[in-house]
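Asks: Before we start, here is the structure in question, set down as C-alpha coordinates.
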Amino acid sequence: MSLTFHWFLPTNGDSRHVVGGGHGTPATASGRDRPPTVAYLSQIARAAEDLGFLGALTPTGAWCEDAWLTTAMVSQNSERLKFLVAFRPGFVSPTLAAQMASTFQRQSGGRLLLNVVTGGESHEQRAYGDFLDKDDRYRRTGEFLEVVKGLWEGKTVDLHGRHLQVADARLARVPDPVPEVYFGGSSPIAGEIAARHCDVYLTWGEPPTQVAEKIARIRELAAAQGRTLRFGIRLHVITRDTSEQAWAEAGRLLDGFDPETVRSVQAGLARSESEGQRRMLALHGGGRDGLEIHPNLWAGIGLVRGGAGTALVGSHDEVVERIKEYHALGIDEFVLSGYPHLEEAYWFGEGVLPRLAAQGLWHHPANLAETPEAQVPFAS
(Lines give C-alpha, C1' and ligand atoms only; values in the text may rest on other atoms or scores of the structure.)
Protein backbone atom coordinates (compact mmCIF):
# COMPACT_ATOMS: atom_id res chain seq x y z
CA MET A 1 0.00 0.00 0.00
CA SER A 2 1.30 3.44 -0.93
CA LEU A 3 2.13 5.78 1.94
CA THR A 4 -0.26 8.72 2.26
CA PHE A 5 0.82 12.28 2.97
CA HIS A 6 -1.34 15.20 4.09
CA TRP A 7 -0.30 18.82 4.45
CA PHE A 8 -1.73 21.54 6.75
CA LEU A 9 -3.77 24.69 6.18
CA PRO A 10 -2.58 27.34 8.70
CA THR A 11 -5.92 28.99 9.45
CA ASN A 12 -4.27 30.64 12.44
CA GLY A 13 -1.87 32.55 10.15
CA ASP A 14 1.49 31.72 8.66
CA SER A 15 5.01 33.06 8.88
CA ARG A 16 8.71 32.43 8.33
CA HIS A 17 8.72 32.00 12.10
CA VAL A 18 6.75 29.45 14.13
CA VAL A 19 3.17 30.53 14.74
CA GLY A 20 2.57 29.47 18.31
CA GLY A 21 -0.59 28.95 20.30
CA GLY A 22 -3.31 26.32 20.20
CA HIS A 23 -4.73 24.01 22.86
CA GLY A 24 -6.37 26.86 24.68
CA THR A 25 -3.57 29.41 24.08
CA PRO A 26 -3.89 32.25 21.55
CA ALA A 27 -1.95 32.38 18.29
CA THR A 28 1.30 34.32 18.61
CA ALA A 29 1.94 37.61 16.85
CA SER A 30 3.82 35.86 14.03
CA GLY A 31 0.47 34.60 12.78
CA ARG A 32 -0.21 38.08 11.44
CA ASP A 33 2.76 37.90 9.04
CA ARG A 34 0.65 36.05 6.48
CA PRO A 35 -3.03 36.30 7.41
CA PRO A 36 -5.11 33.19 6.67
CA THR A 37 -7.00 34.62 3.73
CA VAL A 38 -8.82 32.35 1.32
CA ALA A 39 -6.40 33.51 -1.39
CA TYR A 40 -3.30 32.52 0.57
CA LEU A 41 -4.73 29.26 1.87
CA SER A 42 -5.75 28.42 -1.69
CA GLN A 43 -2.13 28.91 -2.78
CA ILE A 44 -1.05 26.34 -0.22
CA ALA A 45 -3.86 23.97 -1.21
CA ARG A 46 -2.97 24.12 -4.89
CA ALA A 47 0.72 23.60 -4.15
CA ALA A 48 -0.03 20.60 -1.92
CA GLU A 49 -2.33 19.17 -4.58
CA ASP A 50 0.26 19.49 -7.34
CA LEU A 51 3.06 18.08 -5.20
CA GLY A 52 1.13 14.94 -4.32
CA PHE A 53 -0.34 15.43 -0.87
CA LEU A 54 -3.66 13.60 -0.63
CA GLY A 55 -5.28 15.99 1.84
CA ALA A 56 -4.77 18.94 4.16
CA LEU A 57 -5.59 19.10 7.85
CA THR A 58 -7.46 22.20 9.00
CA PRO A 59 -7.42 22.83 12.78
CA THR A 60 -10.24 23.78 15.11
CA GLY A 61 -10.40 26.05 18.14
CA ALA A 62 -10.71 29.64 19.25
CA TRP A 63 -7.21 30.41 17.99
CA CYS A 64 -7.99 29.89 14.27
CA GLU A 65 -10.63 30.39 11.60
CA ASP A 66 -13.55 27.99 11.44
CA ALA A 67 -12.53 24.82 9.62
CA TRP A 68 -15.86 24.01 7.93
CA LEU A 69 -16.35 27.44 6.39
CA THR A 70 -12.73 27.90 5.39
CA THR A 71 -12.34 24.56 3.66
CA ALA A 72 -15.68 24.94 1.87
CA MET A 73 -14.32 28.12 0.30
CA VAL A 74 -10.82 26.82 -0.41
CA SER A 75 -12.24 23.67 -2.00
CA GLN A 76 -13.63 25.81 -4.80
CA ASN A 77 -10.09 26.87 -5.70
CA SER A 78 -8.66 23.35 -5.87
CA GLU A 79 -9.54 20.22 -7.79
CA ARG A 80 -8.38 17.02 -6.10
CA LEU A 81 -7.06 17.84 -2.63
CA LYS A 82 -9.10 16.43 0.24
CA PHE A 83 -9.77 18.39 3.40
CA LEU A 84 -9.21 16.79 6.78
CA VAL A 85 -11.60 19.02 8.70
CA ALA A 86 -11.10 19.07 12.46
CA PHE A 87 -14.39 19.41 14.33
CA ARG A 88 -15.62 19.07 17.90
CA PRO A 89 -18.59 16.80 18.59
CA GLY A 90 -21.17 18.39 20.82
CA PHE A 91 -20.98 21.94 19.47
CA VAL A 92 -23.65 21.09 16.89
CA SER A 93 -26.20 18.31 16.79
CA PRO A 94 -25.01 15.00 15.31
CA THR A 95 -27.79 15.06 12.74
CA LEU A 96 -26.76 18.51 11.53
CA ALA A 97 -23.09 17.47 11.44
CA ALA A 98 -23.98 14.40 9.37
CA GLN A 99 -25.96 16.60 6.99
CA MET A 100 -23.13 19.14 6.72
CA ALA A 101 -20.68 16.37 5.87
CA SER A 102 -23.05 14.93 3.28
CA THR A 103 -23.45 18.34 1.64
CA PHE A 104 -19.69 18.91 1.67
CA GLN A 105 -19.13 15.61 -0.11
CA ARG A 106 -21.57 16.43 -2.89
CA GLN A 107 -20.40 20.01 -3.39
CA SER A 108 -16.68 19.17 -3.27
CA GLY A 109 -16.73 15.97 -5.28
CA GLY A 110 -16.13 13.66 -2.33
CA ARG A 111 -13.15 15.48 -0.82
CA LEU A 112 -14.06 15.53 2.88
CA LEU A 113 -12.23 13.69 5.66
CA LEU A 114 -13.17 14.29 9.30
CA ASN A 115 -10.76 14.72 12.21
CA VAL A 116 -12.66 14.27 15.47
CA VAL A 117 -11.29 16.54 18.22
CA THR A 118 -13.01 15.86 21.52
CA GLY A 119 -11.22 18.73 23.29
CA GLY A 120 -8.74 18.53 26.15
CA GLU A 121 -9.10 22.06 27.54
CA SER A 122 -12.13 22.56 29.76
CA HIS A 123 -11.62 26.33 29.91
CA GLU A 124 -11.82 26.55 26.11
CA GLN A 125 -14.80 24.18 25.93
CA ARG A 126 -16.69 26.31 28.47
CA ALA A 127 -16.20 29.34 26.22
CA TYR A 128 -18.29 27.45 23.65
CA GLY A 129 -20.93 26.57 26.24
CA ASP A 130 -19.68 23.02 26.93
CA PHE A 131 -19.39 22.25 30.63
CA LEU A 132 -18.82 18.48 30.56
CA ASP A 133 -15.63 17.08 32.06
CA LYS A 134 -13.07 15.38 29.85
CA ASP A 135 -14.25 11.78 30.25
CA ASP A 136 -17.86 12.74 29.62
CA ARG A 137 -16.79 14.65 26.52
CA TYR A 138 -15.33 11.42 25.16
CA ARG A 139 -18.50 9.50 26.07
CA ARG A 140 -20.52 12.13 24.23
CA THR A 141 -18.18 11.77 21.24
CA GLY A 142 -18.97 8.06 21.15
CA GLU A 143 -22.72 8.75 21.12
CA PHE A 144 -22.22 11.47 18.50
CA LEU A 145 -20.33 9.16 16.14
CA GLU A 146 -22.88 6.40 16.67
CA VAL A 147 -25.59 8.73 15.37
CA VAL A 148 -23.53 10.21 12.54
CA LYS A 149 -22.31 6.88 11.19
CA GLY A 150 -25.79 5.40 11.38
CA LEU A 151 -27.19 8.31 9.38
CA TRP A 152 -24.42 8.01 6.80
CA GLU A 153 -25.44 4.38 6.32
CA GLY A 154 -28.96 5.52 5.45
CA LYS A 155 -30.50 4.32 8.69
CA THR A 156 -33.25 5.97 10.70
CA VAL A 157 -31.60 6.61 14.06
CA ASP A 158 -33.09 6.83 17.52
CA LEU A 159 -30.69 7.36 20.40
CA HIS A 160 -31.46 8.09 24.01
CA GLY A 161 -27.94 8.35 25.35
CA ARG A 162 -26.41 9.78 28.45
CA HIS A 163 -25.49 13.01 26.68
CA LEU A 164 -27.29 13.05 23.32
CA GLN A 165 -30.80 12.25 22.20
CA VAL A 166 -32.24 12.07 18.70
CA ALA A 167 -35.55 10.64 17.55
CA ASP A 168 -36.50 9.46 14.07
CA ALA A 169 -33.35 11.05 12.57
CA ARG A 170 -32.67 10.39 8.90
CA LEU A 171 -30.80 12.05 6.04
CA ALA A 172 -32.56 12.82 2.78
CA ARG A 173 -29.27 12.14 0.95
CA VAL A 174 -26.37 10.14 2.33
CA PRO A 175 -22.77 11.10 1.53
CA ASP A 176 -21.01 9.32 -1.29
CA PRO A 177 -18.36 8.37 -0.46
CA VAL A 178 -18.82 8.22 3.29
CA PRO A 179 -16.11 10.42 4.88
CA GLU A 180 -13.40 8.57 6.76
CA VAL A 181 -13.06 9.44 10.43
CA TYR A 182 -9.64 10.34 11.87
CA PHE A 183 -9.26 10.34 15.64
CA GLY A 184 -6.54 11.12 18.18
CA GLY A 185 -6.28 10.84 21.94
CA SER A 186 -3.87 9.22 24.36
CA SER A 187 -6.05 8.68 27.43
CA PRO A 188 -7.63 5.26 28.14
CA ILE A 189 -11.16 6.42 27.30
CA ALA A 190 -9.94 8.06 24.09
CA GLY A 191 -8.52 4.72 23.02
CA GLU A 192 -11.82 2.98 23.67
CA ILE A 193 -13.81 5.46 21.57
CA ALA A 194 -11.22 5.45 18.78
CA ALA A 195 -11.19 1.66 18.61
CA ARG A 196 -14.97 1.59 18.27
CA HIS A 197 -15.51 4.35 15.72
CA CYS A 198 -12.48 5.69 13.81
CA ASP A 199 -10.96 4.62 10.52
CA VAL A 200 -7.54 6.18 11.11
CA TYR A 201 -5.97 6.64 14.54
CA LEU A 202 -3.62 9.63 14.71
CA THR A 203 -0.76 10.11 17.14
CA TRP A 204 1.49 13.10 17.61
CA GLY A 205 5.17 12.72 16.75
CA GLU A 206 6.66 10.93 19.71
CA PRO A 207 9.85 8.83 19.52
CA PRO A 208 9.32 5.49 17.75
CA THR A 209 9.34 3.41 20.94
CA GLN A 210 6.44 5.40 22.38
CA VAL A 211 4.58 5.36 19.08
CA ALA A 212 4.96 1.57 18.87
CA GLU A 213 3.49 1.16 22.35
CA LYS A 214 0.52 3.34 21.48
CA ILE A 215 -0.15 1.51 18.20
CA ALA A 216 -0.06 -1.85 19.97
CA ARG A 217 -2.56 -0.66 22.59
CA ILE A 218 -5.02 0.81 20.08
CA ARG A 219 -4.69 -2.17 17.75
CA GLU A 220 -5.57 -4.50 20.63
CA LEU A 221 -8.59 -2.40 21.59
CA ALA A 222 -9.80 -2.36 17.98
CA ALA A 223 -9.36 -6.12 17.64
CA ALA A 224 -11.58 -6.58 20.69
CA GLN A 225 -14.26 -4.67 18.73
CA GLY A 226 -13.69 -6.85 15.67
CA ARG A 227 -12.17 -3.92 13.79
CA THR A 228 -8.91 -3.10 11.99
CA LEU A 229 -7.65 0.50 11.92
CA ARG A 230 -5.06 2.40 9.95
CA PHE A 231 -2.54 4.58 11.77
CA GLY A 232 -1.20 8.05 11.08
CA ILE A 233 1.23 10.48 12.69
CA ARG A 234 1.18 14.28 12.96
CA LEU A 235 4.56 15.99 12.55
CA HIS A 236 6.20 19.18 11.39
CA VAL A 237 9.06 18.87 8.94
CA ILE A 238 12.25 20.75 8.05
CA THR A 239 13.96 19.00 5.16
CA ARG A 240 16.82 20.37 3.06
CA ASP A 241 19.44 19.20 0.59
CA THR A 242 21.89 18.66 3.46
CA SER A 243 21.52 17.90 7.15
CA GLU A 244 23.51 21.02 8.02
CA GLN A 245 21.08 23.24 6.14
CA ALA A 246 18.07 21.65 7.85
CA TRP A 247 19.49 22.03 11.35
CA ALA A 248 20.52 25.60 10.59
CA GLU A 249 16.89 26.34 9.77
CA ALA A 250 15.76 24.69 13.01
CA GLY A 251 18.27 26.87 14.83
CA ARG A 252 16.95 29.99 13.11
CA LEU A 253 13.42 29.16 14.23
CA LEU A 254 14.60 28.49 17.78
CA ASP A 255 16.46 31.82 17.87
CA GLY A 256 13.17 33.53 17.09
CA PHE A 257 11.45 32.21 20.22
CA ASP A 258 11.02 35.11 22.61
CA PRO A 259 11.65 33.85 26.19
CA GLU A 260 8.51 35.56 27.47
CA THR A 261 6.43 33.95 24.73
CA VAL A 262 7.85 30.53 25.63
CA ARG A 263 7.06 31.11 29.30
CA SER A 264 3.52 32.28 28.55
CA VAL A 265 2.71 29.44 26.15
CA GLN A 266 4.16 26.79 28.46
CA ALA A 267 2.15 28.15 31.39
CA GLY A 268 -1.01 27.98 29.28
CA LEU A 269 -0.31 24.45 28.06
CA ALA A 270 0.48 23.24 31.58
CA ARG A 271 -3.20 23.49 32.49
CA SER A 272 -4.22 21.26 29.58
CA GLU A 273 -6.16 18.13 30.49
CA SER A 274 -4.98 16.41 27.31
CA GLU A 275 -2.84 13.35 27.94
CA GLY A 276 -1.29 13.82 24.50
CA GLN A 277 -0.35 17.40 25.34
CA ARG A 278 1.20 16.25 28.60
CA ARG A 279 3.32 13.78 26.66
CA MET A 280 4.39 16.52 24.24
CA LEU A 281 5.46 18.80 27.10
CA ALA A 282 7.48 16.00 28.66
CA LEU A 283 9.59 15.69 25.49
CA HIS A 284 11.23 19.10 25.95
CA GLY A 285 10.52 20.00 29.58
CA GLY A 286 10.24 23.69 28.68
CA GLY A 287 13.98 24.04 28.01
CA ARG A 288 16.09 24.68 24.92
CA ASP A 289 18.67 21.94 25.52
CA GLY A 290 18.47 18.35 24.36
CA LEU A 291 15.71 19.02 21.84
CA GLU A 292 16.77 16.25 19.44
CA ILE A 293 14.92 13.49 21.28
CA HIS A 294 15.54 10.81 18.63
CA PRO A 295 17.70 10.98 15.51
CA ASN A 296 16.18 13.74 13.32
CA LEU A 297 13.23 14.24 15.70
CA TRP A 298 13.26 17.76 17.17
CA ALA A 299 10.95 18.89 20.00
CA GLY A 300 11.59 22.62 19.61
CA ILE A 301 8.26 23.49 18.01
CA GLY A 302 6.47 22.47 21.20
CA LEU A 303 8.09 25.31 23.14
CA VAL A 304 5.69 27.81 21.58
CA ARG A 305 2.95 25.70 20.00
CA GLY A 306 0.29 23.49 21.51
CA GLY A 307 -0.63 20.18 19.98
CA ALA A 308 1.89 18.69 17.55
CA GLY A 309 5.25 19.89 18.87
CA THR A 310 7.89 17.81 17.10
CA ALA A 311 9.52 18.04 13.68
CA LEU A 312 11.48 15.75 11.42
CA VAL A 313 14.71 17.65 10.74
CA GLY A 314 17.42 16.55 8.34
CA SER A 315 18.48 16.00 4.78
CA HIS A 316 15.93 14.60 2.38
CA ASP A 317 17.53 11.16 2.69
CA GLU A 318 17.49 11.33 6.50
CA VAL A 319 13.84 12.32 6.55
CA VAL A 320 13.07 9.40 4.23
CA GLU A 321 14.75 7.03 6.69
CA ARG A 322 12.72 8.38 9.61
CA ILE A 323 9.50 8.00 7.62
CA LYS A 324 10.45 4.42 6.86
CA GLU A 325 11.18 3.85 10.55
CA TYR A 326 7.69 5.00 11.52
CA HIS A 327 6.17 3.05 8.64
CA ALA A 328 7.80 -0.13 9.95
CA LEU A 329 5.85 0.39 13.18
CA GLY A 330 2.53 0.48 11.30
CA ILE A 331 2.20 4.17 10.35
CA ASP A 332 0.78 4.56 6.84
CA GLU A 333 -0.39 8.20 6.89
CA PHE A 334 1.70 11.29 7.65
CA VAL A 335 0.06 14.64 8.44
CA LEU A 336 2.81 17.22 8.00
CA SER A 337 3.38 20.97 8.22
CA GLY A 338 6.22 23.49 8.23
CA TYR A 339 6.94 27.20 8.44
CA PRO A 340 6.07 28.84 6.15
CA HIS A 341 3.64 26.29 4.83
CA LEU A 342 3.83 27.28 1.18
CA GLU A 343 7.60 27.01 0.90
CA GLU A 344 7.96 23.97 3.14
CA ALA A 345 5.42 22.07 1.07
CA TYR A 346 7.80 22.43 -1.87
CA TRP A 347 10.88 21.42 0.14
CA PHE A 348 9.18 18.18 1.17
CA GLY A 349 7.26 17.59 -2.04
CA GLU A 350 10.27 18.05 -4.29
CA GLY A 351 12.92 16.65 -1.94
CA VAL A 352 11.37 13.71 -0.08
CA LEU A 353 8.42 12.41 -2.09
CA PRO A 354 10.45 11.59 -5.24
CA ARG A 355 12.87 9.55 -3.11
CA LEU A 356 9.99 7.59 -1.60
CA ALA A 357 8.52 7.08 -5.06
CA ALA A 358 11.83 5.71 -6.32
CA GLN A 359 11.70 3.11 -3.54
CA GLY A 360 8.13 2.15 -4.39
CA LEU A 361 6.75 3.52 -1.13
CA TRP A 362 4.69 6.37 -2.51
CA HIS A 363 2.66 7.15 -5.63
CA HIS A 364 1.26 10.51 -6.63
CA PRO A 365 -2.52 10.50 -5.90
CA ALA A 366 -3.22 11.67 -9.44
CA ASN A 367 -1.76 8.37 -10.67
CA LEU A 368 -2.83 6.12 -7.80
CA ALA A 369 -6.20 5.25 -9.33
CA GLU A 370 -4.32 3.57 -12.16
CA THR A 371 -2.57 1.10 -9.82
CA PRO A 372 -4.18 -2.27 -8.96
CA GLU A 373 -3.83 -1.71 -5.19
CA ALA A 374 -6.09 1.30 -5.43
CA GLN A 375 -8.98 -1.03 -6.21
CA VAL A 376 -8.70 -2.82 -2.85
CA PRO A 377 -10.93 -1.24 -0.19
CA PHE A 378 -9.51 -0.53 3.26
CA ALA A 379 -10.78 -2.59 6.17
CA SER A 380 -13.09 -0.81 8.60
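Asks: List the residues, sorted by chain then number, that are 5 or more residues from residue 297 or on another chain and whose placed amide H is less than 5 Å from its amide H.
Replies: Counting only residues 5 or more places away or on other chains, the set is 313.
Asks: Hey, any idea what % of segment 231-331's accessible area is carbon plus sulfur with a 1.4 Å probe?
Replies: 48
Asks: At 7 Å along Cα-to-Cβ for each site, give me the label-to-label distance between residue 289 and residue 135 in nm.
Replies: With each label placed 7 Å out from Cα toward Cβ, I get 4.0 nm.
Asks: Could you check how much of the accessible area of segment 71-162 is carbon and sulfur, as a whole percent, using a 1.4 Å probe?
Replies: Working: 1780 of 3740 Å².
Percent of accessible area from carbon and sulfur atoms in segment 71-162: 48.
Asks: Taking H as built 1.01 Å from N, whose amide H comes closer than 5 Å to the amide H of residue 84, not counting residues under 5 places away?
Replies: 56, 57, 58, 113
Asks: With every protein chain left in place and a probe of 1.4 Å, what is the accessible surface of residue 66, to the nearest 10 Å²?
Replies: My reading of the accessible area for residue 66 is about 80 Å².
Asks: I've got another one for you. Magnitude of the Cβ-charge dipole of the chain, K/R +1 and D/E -1, about the Cα centre, nearest 20 debye?
Replies: Magnitude of the dipole: close to 780 debye.
Asks: Okay, moving on. Modelling each spin label as a point 7 Å along the Cα-to-Cβ direction, I'd like the residue 73/residue 163 distance in nm, to one decimal.
Replies: 3.0
Asks: Here is a further query. How many percent of DSSP beta bridges within the chain run antiparallel, rounded to 5?
Replies: Here the share of antiparallel DSSP bridges comes out near 20 percent.
Asks: Per residue of segment 66-74, what does 6.51 cos²θ - 1.76 cosθ + 1.60 with θ = phi - 60° give for ³J(HN,Hα)? Whole Hz please, x for Gly and Pro, Karplus curve as stated.
Replies: For segment 66-74, the Karplus-derived couplings read 5, 6, 4, 5, 5, 5, 4, 6, 5 Hz, x marking Gly and Pro.
Asks: Also, I was wondering about something else. What's the extension gain from residue 267 to residue 170 if we count 0.36 nm per residue and subtract their Cα-Cα distance? Show your work: numbers first, answer last.
Replies: Details: separation 97, 0.36 × 97 = 34.92 nm, distance 4.51 nm.
Length difference between fully extended and current span is 30.4 nm.
Asks: Okay, moving on. Work out the charge dipole of the chain with +1 on the Cβ of Lys and Arg and -1 on the Cβ of Asp and Glu about the Cα centre, then indicate which of 113, 346, 284 is farthest towards its positive end.
Replies: Sorting the options by dipole projection puts first 113.
Asks: Excluding ligands, DNA and RNA, what is the solvent-accessible area per residue of the chain at a probe of 1.4 Å, expressed in Å²?
Replies: Numbers: 15290 Å² over 380 residues.
Each residue of the chain exposes 40 Å² on average to a 1.4 Å probe.
Asks: Give me the number: length gained by fully extending residue 242 to residue 357, i.e. 0.36 nm times residue separation minus the C-alpha to C-alpha distance, one decimal in nm.
Replies: 39.4 nm
Asks: To the nearest 20 debye, what charge dipole does segment 1-122 have about its Cα centre, counting +1 at the Cβ of each Lys and Arg and -1 at the Cβ of each Asp and Glu?
Replies: Value, rounded to 20: 140 debye.
Asks: Excluding residues on the same chain fewer than 8 positions from residue 134, give the lysines whose Cα lies under 27 Å from its Cα.
Replies: Within the straight-line cut-off, residue 134 pairs with 149, 214.
The values are calculated or read from the model by the stated rules, or taken from the named source; none is laboratory data. In this text, all values refer to a predicted model and were calculated from it rather than measured experimentally. Quick reminder, even Gly has a Cβ in these numbers, built from the backbone with ideal geometry, and neighbours come from all protein chains shown. The accessibility values were calculated without ligands, DNA or RNA, using every heavy atom of the protein model including side chains. Shrake-Rupley method; radii C 1.70, N 1.55, O 1.52, S 1.80 Å.
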